[in-house]
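Written out below as C-alpha cells is the structure these notes cover.
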Amino acid sequence: MKITKLTTYLVPPRWCFLKIETDEGVVGWGEPVVEGRAHTVAAAVEELADYLIGKDPRNIEDHWTVLYRGGFYRGGAIHMSALAGIDQALWDIKGKALGVSVSQLLGGPVRDSIRMYSWIGGDRPADTAAAAKDAVARGFSAVKMNGTEELQFVDSYAKVEATLANVAAVREAVGPHVGIGVDFHGRVHKPMAKILIKELEQYKLMFIEEPVLSENYEALKELASLGSTPLALGERLYSRWDFKRILSEGYIDIIQPDVSHAGGITETRKIATMAEAYDVAVALHCPLGPIALAACLQVDAVSYNAFIQEQSLGIHYNESNDLLDYVKNPEVFAYDKGYVTIPQGPGLGIEINEEYVKERAAVGHRWRNPVWRHKDGSFAEW
C-alpha cells in the first residue's frame with residue numbers, strides 16, 4: 001500500500017480536516033489544526049506531504065519519527081499540529097485496512113466508555129448557572145466554565161468577587177456532587193492566581209485549568225500548595241519533551257494534551273503513559289471537530305489514567321456548524337448519562353461525510369480569537 005495524495009479542507013466553524021488517500025482505495029482522515037492558524041497548519045501539512053507520497057502508510061512510528069526529527073527545527077504548535085493530523089489519518093488507514101479499531105491496534109481498550117464534560121457559557125462568564133442546569137438535565141455529571149474575564153497582573157477584589165459569584169451560582173444550581181472545572185484560560189497571572197485558588201477552595205471544584213500560562217510553569221510550585229483543588233494544564237504543550245518538566249516537578253495533577261496539537265495519537269499515547277508513571281491523570285483537550293474527538297476516544301480507551309473527556313458539541317464557538325454535521329454515523333457519539341462509548345468501528349470508528357466536507361470547505365473560514373484590552377488600553381490575555 002502506498003500513499004498517493006494528501007488533501008486539506010478548511011471547514012466551518014474553525015476546523016481543518018485532512019484526507020490521506022492510498023493506491024488501494026483505503027482512505028484516512030485526520031484533524032490538523034491550530035485554532036486561528038488553520039491556513040498555516042494546512043501549509044505545514046503540504047510541506048510534510050513531500051516525504052509521505054509513495055510511502056507505505058502503515059509504518060506509522062517511522063513516519064512520525066522522520067516527520068518530527070527530519071527537520072532541523074522541530075516542535076511547537078504549527079509543526080506538531082500538522083504532524084498530529086497526519087498521524088491520526090495514518091492510524092485511521094491502518095485500522096481500516098486491518099478491520100479493527102485504533103484502540104485494538106494500541107493493545108486493546110482498558111475501558112468501554114468514558115465520562116464526558118460539557119462546556120457552559122462563552123468567553124465571558126454569563127448565565128452559566130442556567131447552562132449548567134441544562135447540561136445536568138441532559139445527563140452530564142461534570143461541566144467546565146471560564147472562571148474570569150480579563151485580569152490585570154494585580155487586579156481589584158471586585159473581579160475576584162465576580163468570579164466567586166459565578167462559580168457559586170453554578171455550584172448552587174447543580175448541587176454538591178456534579179464536577180465543576182474552572183478554566184483560568186491563561187487570563188490569570190500569578191498574583192491573582194494565588195488569591196483565586198484559595199478563594200475557590202470552598203466550592204469543591206473538580207479542577208482548576210491553566211492556573212497560569214504554561215510558559216510560567218515555575219509559578220506552579222507556589223500555587224500548588226495553596227489549596228487541595230487539582231490543578232490541570234497542557235493544552236498548549238506539544239510533545240513529550242514539553243511535558244517532561246511539568247511531570248518531573250510534580251505540581252500538576254491532571255494533564256490535558258490535545259490529540260490534534262500534541263503530535264497525534266502516537267505522541268499523545270506516549271505522553272499519557274509518561275503521566276501514569278507520575279500518578280497524574282489525563283483529561284484530553286478537545287474543543288474541536290469529530291475527527292479530533294474520535295482520535296481522543298481511541299487514546300482514552302487505552303490510557304488507564306484517563307478519567308474524563310472534553311467535547312465540543314454545542315460549544316459557543318460552533319455557531320455555523322457542529323461536530324455531528326460532518327459524520328454519517330453521528331450515533332457513534334451518542335452520550336448516555338454523561339458517558340460516551342468508545343467507537344468500535346475500524347480505524348477511528350467514524351464515517352466522514354466527504355460531500356458535505358467539500359461543500360462547507362467551499363465556504364471555508366478565517367476564524368480568529370478575540371483581541372481583548374484592559375481599560376488602560378494594554379493587551380489582555382483572552
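When we screen 49, 44, 89 for residues that are at pLDDT 95 or above, open to solvent by less than 40 Å² (accessible area, probe 1.4 Å), in contact with a helix residue (DSSP H, G or I) (Cβ under 7 Å, 6 or more places away or on another chain) and in a helix (DSSP H, G or I), the only hit is 44. Out of the range 102-154, which residues are in a helix (DSSP H, G or I), open to solvent by 10 Å² or more (accessible area, probe 1.4 Å) and not charged (D, E, K, R)? Hits for the range 102-154 are 104, 105, 129, 130, 131, 136, 137. Looking across the range 221-246, the residues that are within 15 Å of residue 269 (Cα to Cα) and part of a helix (DSSP H, G or I) come down to 240, 241, 242, 243, 244.
In the set 282, 371, only one residue is free of Cβ contacts under 8 Å to residues at least 40 places away in the same chain, of a type in the set (A, V, I, L, M), within 30 Å of residue 150 (Cβ to Cβ) and surrounded by fewer than 18 Cβ atoms within 10 Å (Cβ to Cβ); that residue is 371. Here is the figure for the range 355-366: residues that are of a type in the set (D, E, K, R), part of a helix (DSSP H, G or I) and either surrounded by fewer than 16 Cβ atoms within 10 Å (Cβ to Cβ) or without any contact (Cβ under 8 Å) to a residue 40 or more places away in the chain (or both) total 3.
Please verify whether the range 62-82 includes one or more residues that are in contact with a strand residue (DSSP E or B) (Cβ under 6 Å, 6 or more places away or on another chain), open to solvent by 30 Å² or more (accessible area, probe 1.4 Å) and over 19 Å from residue 33 (Cα atoms). Taking every residue of the range 62-82 in turn, none turns out to be in contact with a strand residue (DSSP E or B) (Cβ under 6 Å, 6 or more places away or on another chain), open to solvent by 30 Å² or more (accessible area, probe 1.4 Å) and over 19 Å from residue 33 (Cα atoms).
Do the conditions hold for residue 133, that is, is it basic (Lys, Arg) and within 26 Å of residue 368 (Cβ to Cβ)?
No.
Residues in the range 1-39 that are open to solvent by 20 Å² or more (accessible area, probe 1.4 Å), part of a loop (DSSP other than H, G, I, E, B) and not β-branched (Val, Ile, Thr): 1, 2, 23, 24, 25, 35, 37. The lone criterion from (1) of a type in the set (A, V, I, L, M, F, W, C); (2) in contact with a strand residue (DSSP E or B) (Cβ under 7 Å, 6 or more places away or on another chain); (3) open to solvent by 50 Å² or more (accessible area, probe 1.4 Å) left unmet by residue 195 is number (2).
Out of 179, 227, 121, I need the residue that is in contact (Cβ under 8 Å) with a residue 60 or more places away in the chain and either of a type in the set (Phe, Trp, Tyr) or farther than 22 Å from residue 380 by Cα (or both). Which one? The match here is 179. All conditions but one from (1) among the β-branched types (Val, Ile, Thr); (2) surrounded by 22 or more Cβ atoms within 10 Å (Cβ to Cβ); (3) farther than 23 Å from residue 145 by Cα apply to residue 273; the one that does not is (2).
The values are calculated or read from the model by the stated rules, or taken from the named source; none is laboratory data. Predicted model, so just to flag it, every value in this text is computed and none were measured. Using ideal geometry, Cβ is built from the backbone for each residue, glycine included, and neighbour counts are taken over all protein chains shown. The protein model used for the area step is the full one, side chains on, heavy atoms only, and it has no ligands, DNA or RNA in it. Shrake-Rupley method; radii C 1.70, N 1.55, O 1.52, S 1.80 Å.
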